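Below is one structure, written out as structure tokens, with a few remarks after it.
The values are calculated or read from the model by the stated rules, or taken from the named source; none is laboratory data. Fair warning: this is a prediction, and the values are worked out from it, not measured in the lab. Methodologically, a virtual Cβ is constructed for each residue, glycine included, from the backbone with ideal geometry; neighbour enumeration extends over all protein chains shown. These accessible areas exclude ligands, DNA and RNA; they are computed on the full protein's heavy atoms, side chains included. Shrake-Rupley method; radii C 1.70, N 1.55, O 1.52, S 1.80 Å.
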Amino acid sequence: MILKGIEELKSFLGTPRNIVIVGHRNPDGDAMGATLGLKHYFDKKGHQATVVVPNEYPDFLHWMPGSETTYRFDWQNTQSQKAILASEIIFLLDFNTLHRVGADMQKNLEKYPNDFVMIDHHQQPDDVKYMFSDVTICSTCQMVYQFIEMNNDLNLIDTAIATCLYAGIMTDTGSFRFRSTTSTTHRIIADLIDKGAQNDIIHNKVYDANSYGRLLLLGQALSNLQIFPEHKTAFITLSEAEKNKFDFQKGDTEGVVNYALSLKGIIFAAIFIEDAEQKIIKISFRSKGDFSVNQFSRNHFDGGGHDNAAGGKFDGDLETTIKYFKSLLPTYTNELNASYDA
Ligand code: 5GP
Ligand code: MN
């Protein structure tokens, strides 16, 4: 864990400040829950906080309290730049390095004259002035709760804050099932429910918000599944044509990789998604046990993330990417077989 400058930060926040809170590109439940949860907390403390994310987030996160106040840097650029310019400090949430906000926003943030605070649980973080970084914690939302606790302000957590933080902890732990989910996580979740988070409604809004097209796309993804039992590995592909056929919307492929990981005996799963716009294959990796997909992705796919959930990309078509991926597996035979008794 890295804790840096927290006492100094506390005293800086002792007077009302203009604050911008930033999440990573393609914000997920944890990024949105953490940024909005922290915003509600700061507003309650008398600050003026604005959430700016690089681009749009999926429809199934738009119900979150405060969502209507967020700016997307790409299509709400003027408002975003204005907010950043007016701010006295920027909080970076749920990412470890500036390039995770995308090139345009990165350029803008690199010119920022004031200080950054990072609250994040990804490995190998950049060094900024104020830091709360811990790779053992399941979610940035849990860290925001603990940040509020460090400020002796748990009593300020209301329904809006509790709802945002619950949603992010839920999504980043695969509904409280990953190894990173600890007894502390459950105690925090219990407190968030006591403070107004309605667990059944939050699960429903995030997980039972499928469109018909999304289910058909899932059907297509599952029929593309390939399994390699000798490497305890399975992967899924989705081409641009398949995405278009089923009216692909942002967020539609979120969680699909977990179906590959749900196969009995499989501990390493991947999904390869063609992105014609960026001209890359975007990849999500998931694993169980000791096999580090963060390392795998760093080594071969220009990516990273956590030990059991990481992402990366490849320049090339689907066929080339898959051929390359399959060629790597034999190198990892022993590691994959020793990772976890599935
Ligand atoms: P997902 O597969 O859900 O997109 O991402 C899983 C995890 O990997 C997340 O924690 C995310 O921040 C990280 N991740 C996804 N894509 C990339 C990438 O291209 N580079 C890095 N460094 N991390 C990524
Ligand atoms: Mn996260």
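Between S11 and D59, the FRET efficiency estimated from the beta carbon spacing at R0 = 35 angstrom works out to 0.30. Taking only the Cα atoms of the chain, the ratio Rg/Rh comes out at 0.96, with Rh defined as the Kirkwood radius.
Between E230 and H186, the modelled label-to-label distance comes to 4.1 nm, taking each label 7 Å out from Cα in the direction of the beta carbon.
Using 0.36 nm per residue and subtracting the Cα-Cα separation, the extra length available between T333 and A241 on full extension is 29.8 nm.
Computed over the chain, relative contact order equals 13 percent, with contacts defined as Cα pairs under 8 Å that lie 6+ residues apart.
Size of the dipole of the chain about the Cα centre, Lys and Arg at +1 and Asp and Glu at -1 on the beta carbon, nothing else charged, in debye to 20? Please list the in-between numbers first.
Numbers: 32 positive and 43 negative charges, 14 e Å.
Magnitude of the dipole: close to 60 debye.
Take the Cα of N152, step 7 Å toward its Cβ, do the same at A276, and the gap between the two points is 5.9 nm.
With a probe of 1.4 Å, find how much accessible area the chain has per residue, and write the answer as a whole number in Å².
Numbers: 15310 Å² over 342 residues.
Here the per-residue accessible area is 45 Å².
Ignoring lysines fewer than eight residues from K313 along the same chain, the ones with Cα atoms less than 28 angstrom from its Cα are K107, K111, K232, K243, K245, K250, K264, K279, K282, K288, K323, K326.
Shape class of the stretch 1-125 from the alpha-carbon gyration tensor: rounded, with the ratio a/c of largest to smallest axis under 1.5. Both the radius of gyration and Dmax for the stretch 155-299 are 17.5, 52 Å, in that order, over alpha-carbon atoms. Any idea what % of Cα-Cα pairs in the stretch 207-251 are farther than 14 Å? Value for the stretch 207-251: 54 percent of Cα pairs lie more than 14 Å apart. The modelled label-to-label distance between H203 and Y259, using points 7 Å beyond Cα along the C-beta direction, is 2.1 nm. The longest part of the chain holding none of the exposed loop trypsin sites (Lys or Arg not before Pro), meaning those outside H, G, I, E and B in DSSP with at most 15 other Cβ atoms within 10 Å, is 1-110.
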